[in-house]
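Reading through the structure tokens given below for one structure.
Just so you know, all these numbers are worked out from the coordinates, no wet-lab data involved. A quick note: this is a predicted structure, and the numbers were derived from the prediction, not measured. All Cβ positions, glycine included, derive from the backbone under ideal geometry; neighbour counts span all protein chains shown.
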Amino acid sequence: MIAEFGGDITTGPFGTLLKASEYTEDGVPLISAGEIRKGFISVKKHTPRVNVSVTSRMPQYVLREGDIVFGRKGAVDRSARVTGSQDGWFLGSDGIALRLPDVRCDSRFISFLLQDDVHAQWIVRHALGSTMLSLNQQIIRRIPLLLPPLSEQRKIAAVLSTWDRAMELTEKLIATKRKQKQALMQLLLTDKVSESEKVRFKSVCKVVEGQVDPKVKPYCDMIHIGPGNVAKATGELLGVRTAKEDRQTSGKYLFAENHVLYSKIRPHLAKVCYPRRAGICSADMYPVECDESRVLPGFLYYSMLSRHFTKYAVSVSARTGMPKINRNDLDAFWLTLPPLEKQVEACGVLDAASKGISLLRRRKASLSRQKRGLMQQLLTGKVRVNEMTIEAAEN
């Protein structure tokens, strides 16, 4: 158990010690439950920061490389190791930091151990509360950990870290490819393209009307797409199944293989897709049919995925309580349309960029599966690590 290893456990400062008025735009990130993911720390634009006046006043909450942080509330099964680049960041009120002695524990190994299903499920079972789970220092001290010798811990951590580095590199490549795609969209979808014309959405597109019953054939056997099946800002489809498999019962819209689907709720998420096959979609989505003598479905898809369209959709949705773009506002949008042959060229370039991103995402998913399999083998002692294993992993 962790209680046997020594070390320190620290709960982040409460509001009486650190007030929101002390947050700054510069300084180091404040790490709370929202920043702690499964195995890594994710800092966002809205993550609060604190400056040196706070860190020098409360040095006991300054995180150091090798610390393991937990979310105190919510997704309590998540934990992450503080890396070298994160040394000096600050523990938030919804975080708990564990600092173990180097002489008995390799912090990388402990971090991997806490990520496996057995330990994550133990934490969930022993967390407090029913509606909102919570952790405290006593629960963390009781987490059962069986540790091999320190030399073996380091070898296992070295192998698994190789997969982490490969996934991190792949994620950076994905981010780069996405930026490149956005730049291409800015270049190919705006009025910078010669011979382009501006037209109202309603003059070349229409939202398909009329609902069907997803409980009867042939609709129950068709794919069903709702907002939750569309990745934000990328157009990627996630976990699509038939209406029967999704147990859909309420009315749905029928769409054809040449229709573009757009989620009308929470437009800031930019959920638009071009399935290229027939199916039915949620009533929270607009199935859009194009006048293909004026605009290609693929070109419309990329136009609706653009930041320009998203900015417009967000601006008109702000007038309602639930962010939503209505049909009149959608019809009023000005589309920039180059000649059809240039639309074909633009779609070809952007399709190739999208394919490259999809290949990288599949590569990352494959690496993640490989890592999970390795964790199962190495952390349970079914496979022992030797120098050849480490060499093979690094190559």
**Item:** Additional length obtainable on full extension of the chain from V216 to Q377, 0.36 nm per residue less Cα span
**Value:** 53.3 nm
**Complete:** Hydrodynamic calc, the chain: Kirkwood Rh from Cα pairs, then Stokes-Einstein at 25 °C with viscosity 0.890 mPa s, so D in µm² s⁻¹ is 101 µm²/s
**Message:** For Cα pairs less than 8 Å apart in space and 6+ apart in sequence, what is the mean separation divided by the residue count of the chain, i.e. the relative contact order in percent?
**Reply:** 15 percent
**Prompt:** Measuring from label point to label point, each 7 Å out along Cα→Cβ, what is the V43 to L173 span in nm?
**Reply:** 2.6 nm
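Taking neighbour Cβ counts within 10 Å as the exposure measure, how do L91, L147, L135 sort from fewest upward?
Ascending Cβ contact count within 10 Å gives the list L147, L91, L135.
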**Item:** Extension reserve of the M132-K192 stretch, reckoned as 0.36 nm per residue once the Cα distance is removed
**Value:** 16.5 nm
**Request:** Mind checking which aspartates and glutamates have their Cα closer than 17 Å to the Cα of K202? Skip sequence neighbours fewer than 8 apart in that chain.
**Result:** E289, D291, E292, D329, D331
**Request:** Could you list, in their original order, any pairs among K244/K371; K19/K172; K252/K364; K177/K215; K45/K73; K44/K311 whose Cα atoms are separated by more than 29 Å?
**Result:** K244/K371; K19/K172; K252/K364; K177/K215
**Under Karplus coefficients 6.51, -1.76 and 1.60, residue-wise ³J(HN,Hα) of segment 189-194 in Hz, glycine/proline x** = 10, 10, 6, 5, 6, 5
**Asked** For the chain, what is the charge dipole size about the Cα centre, in debye to the nearest 20, if Lys and Arg each add +1 at the Cβ and Asp and Glu each add -1 at the Cβ?
**Response** 460 debye
**Item:** Dipole of the chain, positive end: most advanced residue of L98, L30, S263 [Cβ charges, Cα centre]
**Value:** S263
**Prompt:** So which aspartates and glutamates pass the test for K271, namely a Cα distance under 16 Å, with those fewer than 8 places away in the same chain ruled out?
**Reply:** E236, D284
**Message:** Give the separation of the Cα centroids, segment 320-364 to segment 58-94, in Å.
**Reply:** 39 Å
**Fill in**
Listed by chain and number, the residues whose amide H is under 5 Å from that of K324, excluding neighbours fewer than 5 places away on the same chain and using placed H, are R266
**Message:** If packing is taken as the average number of other Cβ atoms within 10 Å across a peptide's residues, how do 191-197, 309-315 rank, most packed first?
**Reply:** 309-315, 191-197
**Message:** So for each of 225-231, 149-155 I average, over its residues, the number of other beta carbons within 10 Å; can you give me the resulting order with the highest mean first?
**Reply:** 225-231, 149-155
